[in-house]
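What follows is one structure encoded as structure tokens, with my remarks underneath.
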Amino acid sequence: MAEKKKIIFLIPAMRGGGAERVISVLTDYFSHKGHTVKIALFKEDVIEYSISSKVEIDKSLIGKCNSPIKRIMSFQQFLRKEGEVIVFSFFTMIGLYILVSSFGTKAKIVISERLDPAQSIPGKKWLFVIRRFLYRFADGFVFQTTDAMLFFDESIQKKSWVIPNPIKENLPNRYEGDRSKKIVTFARLEPQKNYPLLIDAFHEFHKVHNDYTLEIYGQGEMEHILKKQVSDLELTQSVSFMGFANNIHEKVIDAAMFVLPSDYEGLSNSMLEAMAIGLPCICTDCPPGGAKMFIDNMVNGLLVPIRDKKSMVEAMNLLANDVALRDRISCNAAKIRNELSKEIICEKWLEFIDQMIYSQPF
């Protein structure tokens, strides 16, 4: 891309979530390609990912966005000052504020839906209608899955690309020894992940495979509820809550399997990373279709219906009992790190900017 662009990611804070990780990867790549890149924080001065020194961190909005009206006014003033710029939003509600604020400015707005669109504003029908209306004024969209894009009407689909997440760099190579008898999972301990299902399934699985353990990595609002469930099921000797771990992949690489029981996902970074290091994966076939985009059932992973304990237990038993299947799935899963490398995915984003956004004048 010969012409250098001015690109801004407008975000509350750079906390340790999946969207923030993708932003850190994109900003690093874009800036090293010679583009002017900025991360504008408007809520907290928090940066939990490594950011290239070539990327500007703008904190001018912090403290000015404490109410909806102040947020719109501050965003609009900010966008007017920035002039001809591409602004990316990775969060649904923030995207709505940015779209309203962009009227009368020269900014081009790109919305990237990171969750299941049907769930991203749950229980707020008036906001759902507003989003459908406001999205018509966005300049482009990036979805992680085809099903997420197809949730919207044709006018939005015409301005949309599907680009999955890049695989994290420097992951350890696939483990090739005898796997330990442990089941692992790592993600936020939030309701959408449906960890109660996994604990219930493990309870049934453990009756037959009592030499297996379950390790749950992550933090979140469900932690105390999940610990009580484990205690009530008398599994405290077999289920461990491991908290946050910077070296998570080294800790889990020899596990017998990775299980993700989500009710919905955008596109799970945990799942992709687990596959990339060769963990045999069991994932729910949840909306909007991220798991089924990359898991070919019985080839490089296992898909089970959402909220289906029986199917999850059967899948866990299958991997525990069939070592040959487990090894074959592990080998095939690890191939995903080439398909979703940083270089390939970041170049797709730059191609999207050229063909979709810069094809129309400011």
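Tabulated values for the structure
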{"read-out": "Selected residue (only one of 128, 152 is surrounded by 14 or more Cβ atoms within 10 Å (Cβ to Cβ), of a type outside the set (S, T, N, Q) and touching a helix residue (DSSP H, G or I) at 6+ places or on another chain (Cβ under 8 Å))", "value": "152"}
{"read-out": "Which numbered condition residue 84 misses (of (1) surrounded by fewer than 14 Cβ atoms within 10 Å (Cβ to Cβ); (2) in a helix (DSSP H, G or I); (3) touching a strand residue (DSSP E or B) at 6+ places or on another chain (Cβ under 8 Å); (4) not basic (Lys, Arg))", "value": "(2)"}
{"read-out": "Subset of segment 193-227 (residues that are within 28 Å of residue 288 (Cα to Cα), of a type in the set (Ser, Thr, Tyr) and surrounded by fewer than 20 Cβ atoms within 10 Å (Cβ to Cβ))", "value": "217"}
{"read-out": "Helices (runs of 4 or more DSSP H) lying entirely in segment 90-159 (those with 3 or more residues that are among the hydrophobic types (A, V, I, L, M, F, W, C))", "value": "92-102, 125-134, 146-150"}
{"read-out": "Residues that are of a type in the set (D, E, K, R) and under 12 Å from residue 306 (Cα atoms), drawn from segment 255-294", "value": "263, 265, 285"}
{"read-out": "Single residue of 226, 235, 214, 272 found to be touching a residue at least 12 places away in the same chain (Cβ under 8 Å) and either in a loop (DSSP other than H, G, I, E, B) or among the small types (Gly, Ala, Ser) (or both)", "value": "235"}
{"read-out": "Enumeration of residues in segment 213-247 that are in contact with a strand residue (DSSP E or B) (Cβ under 8 Å, 6 or more places away or on another chain) and at pLDDT below 95", "value": "218, 219, 243, 244, 245"}
{"read-out": "Which listed residue is modelled with pLDDT under 95 and assigned by TED's automatic domain parsing to the domain that holds residue 162, from 345, 353", "value": "353"}
{"read-out": "Given (1) at pLDDT below 95; (2) touching a Ser or Thr at 6+ places or on another chain (Cβ under 9 Å), index of the condition residue 15 fails", "value": "(2)"}
{"read-out": "Residue, nearest to residue 345 (Cα to Cα), within segment 117-158, restricted to residues that are under 18 Å from the mean Cα position of the chain (by Cα) and among the small types (Gly, Ala, Ser)", "value": "148"}
{"read-out": "Tally, over segment 17-45, of residues that are free of Cβ contacts under 8 Å to residues at least 40 places away in the same chain, assigned to a loop (DSSP other than H, G, I, E, B) and surrounded by 16 or more Cβ atoms within 10 Å (Cβ to Cβ)", "value": "3"}
{"read-out": "Set 113, 48: member being surrounded by 21 or more Cβ atoms within 10 Å (Cβ to Cβ) and modelled with pLDDT under 90", "value": "113"}
{"read-out": "Subset of segment 295-322 [assigned to a helix (DSSP H, G or I) and either touching a strand residue (DSSP E or B) at 6+ places or on another chain (Cβ under 9 Å) or over 22 Å from residue 278 (Cβ atoms) (or both)]", "value": "309, 310, 311, 312, 313, 314, 315, 316, 318, 319, 320"}
{"read-out": "Condition met for residue 239 (under 30 Å from residue 146 (Cβ atoms) and among the β-branched types (Val, Ile, Thr))", "value": "no"}
{"read-out": "Subset tally (residues that are surrounded by 15 or more Cβ atoms within 10 Å (Cβ to Cβ), within 18 Å of the chain's Cα centre (by Cα) and charged (D, E, K, R)) for segment 323-347", "value": "2"}
{"read-out": "Members of segment 99-146 that are under 22 Å from residue 81 (Cα atoms) and of a type in the set (A, V, I, L, M)", "value": "99, 100, 107, 109, 110, 111, 138"}
{"read-out": "Sole exception among (1) over 18 Å from the mean Cα position of the chain (by Cα); (2) farther than 16 Å from residue 280 by Cα for residue 190, by number", "value": "(1)"}
{"read-out": "Segment 242-269, subset under 29 Å from residue 147 (Cα atoms) and either assigned to a strand (DSSP E or B) or charged (D, E, K, R) (or both), residue farthest from the chain's Cα centre (by Cα)", "value": "257"}
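The values are calculated or read from the model by the stated rules, or taken from the named source; none is laboratory data. This structure is a prediction, so every number in the text was calculated from the model and none was measured. As a convention, Cβ positions derive from the backbone with ideal geometry for all residues, glycine included, and neighbour counts pool all protein chains shown.
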